Amino acid sequence: MKKVILTGGEEVPALGLGTWKMGIGEADEAGQIEALQTGIDLGLTLIDTAEMYGDGRSEALVGQAIRGRRDPVFLVSKVLPQNASRQGTIEACERSLRHLATDRIDLYLLHWRGNHPLAETVEAFERLKRDGKIRHWGVSNLDPADIRELLALPDGVNCVANQVMYNLAERGIEWDLLPDAQARQMAIMAYCPLGEGQLIDHPGLVALGRRHGVTAATVALAWLLARDGVIAIPKSRSAARVRENAAALSLTLSAEDLDELDRLFPPPGGPMPLAMT
Ligand SMILES: NC(=O)c1ccc[n+]([C@@H]2O[C@H](COP(=O)([O-])OP(=O)(O)OC[C@H]3O[C@@H](n4cnc5c(N)ncnc54)[C@H](OP(=O)(O)O)[C@@H]3O)[C@@H](O)[C@H]2O)c1
């Protein structure tokens, strides 16, 4: 398993599992649990969820999937911006712990920036850390200016990750956010690594994958895994597709492949607004 080293030295898997739109009352929840457990068995032990996803029902599904196997899992959840006040963050975290049926969240993120001052959220994160309810904290959907503001706050440098949209079709962060994060060893968690599924039919990716005997999804994830300090969190409700995604760990793209991908999906030529869902 390729690993990403967090500030402080802890290593986490560079390929994990997303859970958006999982556990929201569909008929195949047993299949979704099986998909997550298949991922864990394959070493995709970083699981990303959020209080927002199905109003806690995705967290509850994750709680079921990790029952009896909590220790190998690196659990990520997120507080909604409207809850991210000094006291609201603590209460949100305690709700998430109940949904997840665990005593700690390994990485707790601010889902996106809202009206509560970042300083209050950071204070709450630090208190949750001291109380053993979370082990690390980070942010999501923060652009370079937000990150500068965060880093200037007391304890702001303790932020270990920024989760942002990053995939072959959305490469804007390569201009500034990604190199800055790499320089300070702040992990970038790439959400929508498959472009919410839209990359899987891209003819150029399908053709490149065919040459390696893999699918377009595998290629799109292998491209992300080739970057330092990047953690990809594809979501799939199917064990078979989780296996296909895990195959990215064994695919090494050649310099020619990477050049071809640059032609198909050009890198940014200047600063771009942060892409968001
Ligand atoms: N911080 C944020 O604001 C934010 C925003 C968006 C997402 N996220 C996180 O990032 C995770 C990933 O993003 P995402 O779920 O939006 O998009 P994604 O992972 O890019 O794509 C998910 C879509 O691709 C399909 N898929 C997955 N593997 C596939 C494969 N091998 N072949 C074909 N189709 C495949 C899935 O369908 P099936 O499930 O049917 O396989 C689903 O429709 C989320 O689940 C969530 O945890 C965070």
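Results, tabulated for the structure shown:
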| read-out | value |
| --- | --- |
| Residue order, fewest to most surrounding Cβ atoms within 10 angstrom, among 157, 122, 219 | 157, 122, 219 |
| Rounded if a/c under 1.5, otherwise prolate or oblate - region 152-235, Cα gyration tensor axes | prolate |
| For the chain, share of DSSP beta bridges that run antiparallel, in % to the nearest 5 | 15 percent |
| Neighbour-count order for 184, 57, fewest beta carbons within 10 angstrom listed first | 184, 57 |
| Chain lengthening between residue 28 and residue 277 when straightened (0.36 nm per residue, less Cα-Cα) | 87.1 nm |
| Residue among 214, 139, 160 with the largest mean-square fluctuation in a Gaussian network model of the chain, springs linking Cα atoms under 10 Å | 214 |
| Dipole moment magnitude, nearest 20 debye, the chain about Cα centre, only Lys, Arg, Asp, Glu C-beta charged | 520 debye |
| Net charge over other residues, Cβ less than 14 angstrom from the Cβ of residue 11 (K, R count +1; D, E count -1) | 0 |
| Global form of the chain, assessed from the alpha-carbon gyration tensor, a/c cut-off 1.5 | oblate |
| Listed residue (206, 220, 132) projecting farthest to the positive dipole end of the chain, Cβ model | 132 |
| Choice from 203, 13, 81 showing the highest fluctuation, given a GNM over the chain with Cα pairs closer than 10 Å | 203 |
| Given charges at Cβ of Lys, Arg, Asp, Glu: the chain dipole, positive-most of 253, 99, 122 | 99 |
| Average Cα contact separation per residue, the chain, under 8 Å, 6 or more apart, as relative contact order % | 21 percent |
| Count, lysine Cα pairs under 19 Å in the chain, 8 or more residues apart or across chains | 7 |
| Cα gyration tensor, region 1-130 - rounded (a/c under 1.5), prolate or oblate | oblate |
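Throughout, read-outs are computed from the coordinates displayed, never taken from laboratory work. If you're wondering where the values come from, they're calculated on a predicted model, not measured in any experiment. All Cβ positions, glycine included, derive from the backbone under ideal geometry; neighbour counts span all protein chains shown.
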